[in-house]
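Pasting in a structure now, in structure tokens, and then I'll have a few things to ask.
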Amino acid sequence: MTGNTEITEIYATYVSALLHNEGTRQNANQIYLTISLSVVRIFGTKGGPI
């Protein structure tokens with residue numbers, strides 16, 4: 001039975017790390033999207049340097 005408990009703990013740790021990394025990636029993507037849209041909005045309203 002201890003083998004199953006260890007496997008369950010390893011799996012729980014793996015899932016926890018996976019969820020944490022996914023949350024971090026989503027936050028980074030949201031920041032990138034916000035910055036990109038801000039740049040597009042600034043250049044769209046002022047006519048841009050082109």
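Using the Karplus curve 6.51 cos²θ - 1.76 cosθ + 1.60 with θ = phi - 60°, work out ³J(HN,Hα) for each residue of segment 31-37 in order, rounded to whole Hz, and write x for Gly and Pro.
5, 4, 5, 4, 5, 4, 5
A follow-up question, please. Starting at the first residue of segment 12-19, write each ³J(HN,Hα) from the Karplus equation 6.51 cos²θ - 1.76 cosθ + 1.60 with θ = phi - 60°, in whole Hz, x for Gly and Pro.
Couplings: 4, 5, 4, 5, 4, 5, 4, 5 Hz.
Here's another thing I want to ask about it. If the chain between T13 and L33 were fully stretched, how many nm would it gain, using 0.36 nm times the residue separation less the Cα-Cα distance?
Contour length minus Cα-Cα distance gives 4.2 nm.
Modelled label-to-label distance, V40 and N21, 7 Å Cα→beta-carbon offset: nm?
2.9 nm
Coordinate-derived values only; no laboratory data. Keep in mind that this is a model prediction, so the values were computed, not measured. In this analysis, Cβ positions are derived from the backbone assuming ideal geometry, glycine residues included, and neighbour counts consider all displayed protein chains.
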